[in-house]
Structures are given as C-alpha cells and as structure tokens.
Number of protein chains: 4
Amino acid sequence: MCRWMAYTGSPVIANDLLFRPEHSIIVQSLRANLGHVTNGDGFGIGWYGTGADETPALYKSAHPAWNDENLREIASNIRTPLLFAHVRASTGTPIERSNCHPFRHGRWLWMHNGSLANFEVVKRDLRMAVDPALYPEIIGSTDTETLFYLALTFGLTEDPPTAVARAVGLVEDVGRRHGVEYPVHMTVATTDGETMWVFRYSSEKATSSLYYSNDAEQVRRLYPDLEVLDQLGPDTRFVVSEPLRDLPGAWTEVPEASWALVRGGENHIHPFQPSSP
Amino acid sequence: MCRWMAYTGSPVIANDLLFRPEHSIIVQSLRANLGHVTNGDGFGIGWYGTGADETPALYKSAHPAWNDENLREIASNIRTPLLFAHVRASTGTPIERSNCHPFRHGRWLWMHNGSLANFEVVKRDLRMAVDPALYPEIIGSTDTETLFYLALTFGLTEDPPTAVARAVGLVEDVGRRHGVEYPVHMTVATTDGETMWVFRYSSEKATSSLYYSNDAEQVRRLYPDLEVLDQLGPDTRFVVSEPLRDLPGAWTEVPEASWALVRGGENHIHPFQPSSP
Amino acid sequence: MCRWMAYTGSPVIANDLLFRPEHSIIVQSLRANLGHVTNGDGFGIGWYGTGADETPALYKSAHPAWNDENLREIASNIRTPLLFAHVRASTGTPIERSNCHPFRHGRWLWMHNGSLANFEVVKRDLRMAVDPALYPEIIGSTDTETLFYLALTFGLTEDPPTAVARAVGLVEDVGRRHGVEYPVHMTVATTDGETMWVFRYSSEKATSSLYYSNDAEQVRRLYPDLEVLDQLGPDTRFVVSEPLRDLPGAWTEVPEASWALVRGGENHIHPFQPSSP
Amino acid sequence: MCRWMAYTGSPVIANDLLFRPEHSIIVQSLRANLGHVTNGDGFGIGWYGTGADETPALYKSAHPAWNDENLREIASNIRTPLLFAHVRASTGTPIERSNCHPFRHGRWLWMHNGSLANFEVVKRDLRMAVDPALYPEIIGSTDTETLFYLALTFGLTEDPPTAVARAVGLVEDVGRRHGVEYPVHMTVATTDGETMWVFRYSSEKATSSLYYSNDAEQVRRLYPDLEVLDQLGPDTRFVVSEPLRDLPGAWTEVPEASWALVRGGENHIHPFQPSSP
C-alpha cells in the first residue's frame, strides 16, 4: 500500500511539512510503522498557492522520496496553505510518474492508499463507465486514477461525498459481477484547494489506518513546551495515513466507513456508504 | 516522429547492430537525417535468442539512447538473430518506459513510427474495440500500443497482414466518424521471432520513409572492400526508417502503401490496403 | 558543448523565462542554432528569491529539459529576480545530476559552456590545486565543477574577475606542462545573487558565442509592438549562449577574451586575461 | 549500509541467482534482515561470460532493485559462472549510477558494504595516494570507489590480500592523523573473473555480517528434498552479506578480521590485518 499526508491551514513552507516531523511522510517512504513498510515506488506532492482560483502545481517522480535531492530544494521554496503528499508502494502497475499520486483535474487533487481488487479483471468495465469526455485524460495504469475519474464522472466537483459513494458503489457492483469478494480498499483525500474531503472505507470493513490532527490549540495546551507547534496556525489540520509523531491526544482516528469534510479549522465526520448505481 | 531498425539474419552481437553503423540507430537518436531530427524521448530494444519458441527480452528506458551507459554494456552481451530497436520522439504522451517501443505480447514484438491523428478524440472508441481479454495488457498511453492491441484483436498472431489491414481500417473508420481527415500514419514492424512483417502506409499516402537492405551478397559485390560487410551472413536483412549508411545500391525503399514479409534472406513486398470493418 | 541563459531584473515567473521565448533555452535543449545542436544530457536551473541573503535553490536533472514535466510545474511557481539555466551536452563525463550545472557554493552559482581540454590528463593536478577545505565539496566528475572550485580557491567570493583569471591561468599552465595546446574553452556565468559576472575566453581565441540583451527601453523603442517586452522591467538583462529570439538590435555579442559585470540594468565589459600563477 | 552477493560456480541464469532465493538480494533491497533494512539507493550487477579473458559487463542503476523491470529482463538472458550483485544504502553521497557498485577496472570487479568514517575529511589525502595513472578513472564520490583505487594502487591485480591490507592500513593511518577513531568498516568482494577474494574487517572489530555457503554436496545431503539445490553444481559458492535462505548448516560466517580466497569449490580463510604504509 502507500502512505499519504494532507495539510490545510496557514501558509507554511512545504519543507517543514515534508521533512521536519519526527515520523514525516519522507521517513515513512523509507520506513512506515503501519501498512507496507517501505513506500519507495515513487512519490508526489501537489500544492496550492495563496491566490484565489489557482490550479495546484505537482512535483512527482518515480524515484524514492527519501533520496530525491530536488524535492528538498523545491519544498524549501514552496509556501502553501494546502498540500497533498503521497509516497507509493505499487500494487503491480509500473513505477513511473504517470502512476504517482496525487492526480489532478483542473483545480482538484486526489490521492489514495489502498487498491481496487483484481483491477486487471474489472479495469475495462470501470474505464468504460468513465464519462467519455473525461476518458482521454487517463494516462496511467493505476486503479487510483480510474477511481478518481469515476468520481469525477459522478460529479466530484459538485458533491464529492455523493460522487465518491457512487464511484465506490459502481466498483463494488462491477467487482461482484466478476466474482471479486472485496472490491474496494481505500483511504482517499481530495480537494478543490479550499475544502478537503477524506474517506476511509473498504468492502471488507477493515481499512488501512487514517488519522486527523486535533484542534491546534488543544494540542498546544497538551504540549506547551513543544516548540514546533508554535509554527502551526489555529486552522491547522493534518489528515494522515499514520501520525507524524507519537503524541497522545494529538491524533484522532477517522472511523471505519466514514468521510470527513475539512475546512478552516473544522472537521466534520459522517458515515460513508457506497451507493449502488 | 521516431526512428526504428529491425535486423534478421545470422546471430550477431547487438552492440554491432546498434553502435557500429556510421548512421546507426543510436546516432539517429541524437541526429536523424529525416523525420523528427532528435529522438531522445526514450528508446527500446527487443531481441530473440537462438533457441526455439523463446519469448523475446526487452530493454527499454525513458532516457535518450545516445547517453545510456547500460545499453552499451548489455548490447555487448547479446547475441541475437533478430532484433528490434526503436528511438522515440513523443507525439505528446508521457516520457516513460511503458510508452517506449517495442511492445511485446507473448512471442510477438511491435514497433511503430508515426501516429494516429487526434488520438485523444478517438482513443476511447479504439480501446473499446480491443478484445476484452487483451484489454488489461494495455499499460501505457501511446497510440502505438493501442494499434498493436487492435492488430492482436484482429488476429495478428494468425495472419499479420490481414490483422493490420483490419486494424488500420478500423482506425480510419473511427477517425472519419470523428472528423479526422487523415487518421493513420505508420511504418510498423512486427515479428514472432522467425518472420518479420513490415508496413508502410498513411491515410494521406505520404508516409515517413522506410528502407530495407538489399541481398547481402549483392551489396558485397558492390562494395568488396567494405570490411564490415564480412560480418553479415547471407540471410542478413535490415529494415530501417533511414539507411544506416549512405551506400548507393545497398538500400531499397519500401513503397508507399505496401507491406513486406521478411524471412531467411527473403523479402516479399505486397500492396497494403486497409480493410473496412 | 552546452547552452546557457542568465536573467537578472525585476522578479518574473521562471516559466516565462524558460518556456516563452521563441528560441528559449528549452527549445535550445532540443535544437540549438549554434554549438552542439542537441543539449539533452541533463539540465539545471538555479534561482534566487526576493529576500536578502538567500541561498539560491536548484532544480537539476539528468533528463532532457524539453520533456521534463516537473520543470514546467515548478517553473510556474517560481518568481525570481535572478535565474541561471543550463542545458547540457556532455563532453564525456557521466550523465547524472551531480554533473549538471549550475553548481552552487553558499550563495554562489556557476555555469559553463565549453571544456578544459584533455581533462583526464590534467584533472589530478587541477584538483590538487583546489583549497583542501573546499576539496570535499567536489562530488561530480566535470571539468566545470573543478574550474569552479579553482575559482573559489583563488577568491571568487571576494573578487570574481581576478579569481577566474587566476584559475584560467593555472589551467593553461598545467595544460601546457602536459602538452595540451589549447587548455581552456569557456563562456562562464557566476553570481552571488545580486551581481552577475560573465566571461568569454578560450586559449585558442575562438570561443563559443555569448550575447547580452541591450537596454530594455532601447529594445522597446525598436519593437514597440512586441507585447512580450512589456513584461520586462527597465533593469532586465539576459546573458545567453545564443539569442532567445532573432531581433536585430536587441542583442550584442560579448567580445572574445572579455568579462562583464551585470547589475541593475548595467553591463560593464572589460578585457579578460588569464594571470599566470 | 548495503547488502551484496557474490556467486561462483557452474554457469547459471542470473535471474535464478537474483530473484529465486527466498531471501534474495532483490528481497534484501526492499527488506534486509540485518544492517540497514532498506537498500533502495541504487543497485548493480557485474558478471562474466563463459569465455576466457573477458571483461565483465555491468548493469547499474540509481533506481531501487526491487522495482526495476529491465533487471528481470536482462537477468533472464545472462548465463554466468561468476556474478556480483549489490544493493545500496547510501552513507551520504549522491544517488547516481557512478556511485553504484560493483566498480570495474579492466577484468576486475569490486563491491563493498560499510564505509570509511569521516570520508569528507580524509578524502583528499586518500585520493592523493591513488596512483596518478589510475586517478582519472575515479568518476564518483563514494568511499568505496576510492578504496578500490587505493587497492589497485597497491597491486590488487597482482596480490589482492596484500594490496587490500595496505590500502586499509593507509586509510587507518590517514584516519588517525585526522582524529578518526575507527576509520574503516568493510566487507568487500573483488575478483578477476576466475578467483574471488572476500574480506571482513573493521577498525572497531565489529563488522557487518558476511557468510559463505558450504560445500554444495554437503548442503544437498542436509536437504535432500530441496529441489532448487539440484540447480547448483559441485563448485557452487555464494558469499553474501546475509543468507539467501534460512537453512541451518548451509552457511558459515566469515570470521571477523579475515579474508578468504574462493575458487573452484574451494574456500580458504586467513586472518586479515592491515599493513601500515
């Protein structure tokens, strides 16, 4: 599987988000605590600037994140209020930039940890369900990209939770028609640059981990001497595959089968249920 | 566009095929005489061993061919009776290994110079025409790979000329339905390891160049002092986008709108016509 | 050889510097007009931010500049008053990031088109002349990097023209002791982030081309309808291996055997002469 | 640190050496049991053919070994009686091909797990001790490459154990002059294509692991049902950083501070002691 990290809050230097935490996403590319221990099959970051209506930029590479010299250089020069970072452990598809996350469509970013089971078997049916106008944009071979385009087909840019529910519903439906027992396994993050939506769901109801950081003020009161927390504004929110640092009280698990809307400092959690097409 | 070279004949060291000629395929990656001058968007070689029923091996990379140190090393250690080599100039799709030629399916190899016009527009219809059992094998985003899988769908492994005619016919048909004036431009080589089939055709009837080498004995009589020719057995046949060396009398152009079967030292040319599906 | 471009002036988006000109440095990576036509053996950009006393950032890669998707993304997000860009054609050393220009030492950047003749023969003597405190910083195998460290040894950060004159003098001296007729060929640019120094010199007195852009106002008066010029502030100065666009009156050649100091909108040219050690 | 594997014996397909063992060198690139767990900072293989006086070929890449598609292809086509394989975990120098092992000089190969402490500090003195005629061949920045060239300087091609003892002696001497407490940590393998010499030594006398496989017949008697052993001829000998499979009785540790000569099926171990220059 993979590991990912999403940040929203006051503009900060990307280098601080990617490299400074004790158990940063970069550390997790080399040695994660949970899931697939090494995530060295490529990485990617996507980030927004501080202007309005900006298309996010991407820096993605098939190289491991931990040894990419350019990433450090670039990240030191990015100041961003919203960043997605992903380190990949391939579930079989080629190791190349077009298969790295996050994926982008207009102002939207999408990243994923998990897989669509037996993707080779269901791929054609899923790709055929993608809106023909969107289909040409698919350039890689990952299940993640196809799931993204299904969500876009079902109206991600209008109503993300509904769109994702329908996309997952379709994948489960197609999967079962092909005899796949547990078609979907996902923790997903998607954003339009202002709001972030995260999802934790698997057909087997035993999903890879997902955590969000608690309210920044709350965490500061718990750890008044931890200087690094001074860097973080009141609206800070991280959503992560695994905590960036072992700080009891700083992280809350996103429940199984749920989705959350994250904006400003707020974080609203709801049950997630696929909707059958 | 791209440049390619196919060799069939007595087993020779791949290094001699790739690096020795005055205007080798490697020289053409940096500076070709015709077509797209620099072909530095990746390369690939596919080759067969001397045993029977062997699957060909591939060495492909997104790096330019002219500066790949591993290619020289590997090529010095390959002895082969049949080799395909291709240097790429992308027509827009990503620069990655899954988009490098030659493509392989079982014992078959396929490479291409040219393009399917407005591929983004016709891609979905073409992909949908691929046999569902073959569809999952498509992992890149090139028009070449899709054309290969259409040819496989139409029976390439049974009757290559017919299969390619039907594939091209389909692409032209789909193209015209989408308002594409000249849907196909191709010089293609494909092989099962024993026989090679080459094609030169474009909807506009103005196709990129394609040459085959004349009978080795014939060339030797023309150039008795050219030592390098001593290396080549009587069954030697090259098919190339552009001549490996300017030797009048050594090369014959494959006519516009034709295909040729190359096996042993023989080389039979026939008219090529797409067949409408 | 290689091609390079240096920009100093009002802060602009790097993408505009790298990709917009008709004959941009990116176009030159694929097809330059002068020198070595294809410069696809890696590239690099180094840039300063708008703050004071900042260390420049680098983005360098062994891939060709023309097909690097990350470069476009990153360059769109860089706003800089001083940028170096270089596209490489290797003179024999490996194609890897540590051999890409520009090179960096503290706040200084350095890039080069040319070569130190018979570098293999003189390399040891030159490396031994590098200040032992600086020696460990050398991590690649290019002549350019060694020349940079010789210049640093001779006081580049204090007095660039004198330091470069001494470095070149040493290389010529060592070269002649080893029977090298014309030891040095260079166009070089170096900067501390505020001032830029450029050099054009070769032992043979037949150096690769180097141009600087004329005063921006002057060029605007010549081409009042050329909108792109409106983007450029009054202090704009480009120094380039070859003009970014064929605009008579917009470019002046840096004379053979000279150096220039470029700062603000000013551009002072002086004769360059190696000083024997 | 790194992991390596050396094989000598009857010619076998490289793919079987690299990919088939339960805990193969490729598995170790992703997850080793000992030392540095992930060794994803590049890899390399060097191998000899079956002819006499052949220069070994190299396939090296800065990418992780576990996800390199070309490696599988190439390895399936290599039949070799002697192969070196190395997966790298960088101790700080750049991740690029020129820093991957094995290193080659003429017919000789060299690979290393370990490091020369404070290399930055001692690098200049060590490089200056390299024979000036050999110095130009050094193209990377690793301590391993410098140690190799010191060994060559001290007569590796004539008398490997003596040469390595002198090289290590020099490094310890230089190290101590610079205040480095434990200058050398190494397990090294070197070969001329017929004989292999391996070394296990560290200044601290606490060296990374090194094992050799026991006599093939002996292992077959212990495990008569283990089919994979049938592939291995009587002269088979592996020397490895860690066992390729947990088979009690199949592996013997190379003692601390010793060297061994491996040829034919023989394996002679001797004490190793640096000789002060």
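Protein-only accessible surface at a 1.4 angstrom probe places the residues B:W47, C:W66 in the order C:W66, B:W47, largest first.
The mean accessible area for residues of the protein assembly as shown, using a 1.4 Å probe and ignoring ligands and nucleic acids, is 35 Å² per residue. Computed with a 1.4 Å probe on the full set of protein chains, the accessible area for D:Y59 sits at about 10 Å². Spin-label model, C:R72/D:M128: points 7 Å from Cα along the beta carbon direction are separated by 5.1 nm.
Annotation: peptides D:223-236, B:231-244, A:182-195, ranked by per-residue average of other Cβ atoms within 10 Å with the highest first, follow the order A:182-195, B:231-244, D:223-236. Using the Cβ-Cβ distance between A:D235 and D:R31 with R0 = 30 Å, the FRET efficiency computed as 1/(1 + (r/R0)^6) comes to roughly 0.15.
Per-residue shielding of A:201-212, expressed as the average number of other chain Cβ atoms within 10 Å of the residue Cβ, stands at 0. Around the Cα centre of segment A:128-277, unit charges on the Cβ atoms of Lys, Arg, Asp and Glu (plus for the first two, minus for the last two) sum to a dipole of about 340 debye.
Charged side chains reduced to their Cβ positions (Lys and Arg at +1, Asp and Glu at -1) give the protein assembly as shown a dipole of some 0 debye around its Cα centre.
The figure for A:S208 is an accessible area of roughly 20 square angstrom, using a 1.4 Å probe on the protein chains alone. With a 1.4 angstrom probe, the accessible area lost at the D-B interface totals about 1200 Å². So, with a 1.4 angstrom probe, what is the percent of accessible area on the protein assembly as shown that is carbon and sulfur? That fraction is 47 percent. Considering only C:W108, C:A165, C:W66, the residue lying farthest towards the positive end of the dipole of segment C:56-165 is C:W66, judged by Cα position with unit charges set on Cβ.
For chain C, the mean residue ellipticity at 222 nm estimated from helices alone is -7000 deg cm²/dmol, where every DSSP H run of n ≥ 4 contributes -39500 (n - 2.57) and the total is divided by all residues, rounded to the nearest 500.
For segment C:3-271, what class follows from the C-alpha gyration tensor (a ≥ b ≥ c being the square roots of its eigenvalues): rounded when a/c is under 1.5, otherwise prolate if a/b is larger than b/c, else oblate? Provide the component values of the computation, followed by the final result.
Working: a/c = 1.59, a/b = 1.48, b/c = 1.07.
Judged from the Cα gyration tensor, segment C:3-271 comes out prolate (a/c at least 1.5, a/b above b/c).
For segment D:18-33, the Karplus equation 6.51 cos²θ - 1.76 cosθ + 1.60, evaluated at θ = phi - 60°, returns couplings of 8, 10, 7, x, 4, 10, 5, 4, 5, 4, 5, 5, 8, 8, 7, 8 Hz by residue, with Gly and Pro reported as x.
Once all protein chains are placed together, D:S61 keeps about 10 Å² accessible to a 1.4 angstrom probe. Given R0 = 51 Å, the distance between the Cβ atoms of A:T252 and A:E137 translates into a calculated FRET efficiency of 0.90.
Figure note: A:R127, D:R263, D:R221 ranked by solvent-accessible area, largest first, 1.4 Å probe, ligands and nucleic acids not counted: D:R221, D:R263, A:R127. The mean number of Cβ atoms from other chains found within 10 Å of a Cβ in peptide D:90-103 is 4, as a whole number. Counting only Cβ charges, +1 for Lys and Arg and -1 for Asp and Glu, the dipole size of chain D around its Cα centre is about 400 debye. Lysine pair count for the protein assembly as shown with Cα-Cα distance under 26 Å and sequence separation of 8 or more or different chains is 20.
Dipole orientation for segment B:3-271: of the candidates B:T207, B:V130, B:L232, B:V130 has the Cα lying most toward the positive pole (charges on Cβ; Lys, Arg +1; Asp, Glu -1). How many angstrom separate the Cα center of segment A:218-242 from the Cα center of segment B:167-234? That distance is 64 Å.
With a 1.4 Å probe on protein heavy atoms only, tell me which residues of segment C:126-144 lose at least 50 Å² of accessible surface in the complex relative to the chain by itself. Buried by 50 Å² or more upon assembly, which counts only protein chains, are C:M128, C:Y135, C:P136, C:I139.
Among the helices of chain B, those built from whole DSSP H runs whose Cα atoms reach 24 Å or more along their own axis and whose mean Kyte-Doolittle hydropathy is at least -1.0 are B:160-177.
Which of the three applies to the protein assembly as shown, rounded, prolate or oblate, going by the alpha-carbon gyration tensor with a ≥ b ≥ c and a/c under 1.5 meaning rounded? Rounded shape, in that the Cα axes give a/c under 1.5. Sorting A:R220, D:R3 on solvent-accessible area from highest to lowest, probe radius 1.4 Å, gives A:R220, D:R3. For segment D:237-273, the residues whose amide N sits under 13 Å from a probe point set 7 Å from the Cα of D:V228 along the beta carbon direction are D:243-248.
The values are calculated or read from the model by the stated rules, or taken from the named source; none is laboratory data. Just so we're clear, the structure is a prediction, and the values are computed from it rather than from any experiment. Virtual Cβ from ideal backbone geometry, glycine too; neighbours counted across all protein chains shown. Only protein heavy atoms, including side chains, enter the accessible area calculation; ligands, DNA and RNA are left aside. Shrake-Rupley method; radii C 1.70, N 1.55, O 1.52, S 1.80 Å.
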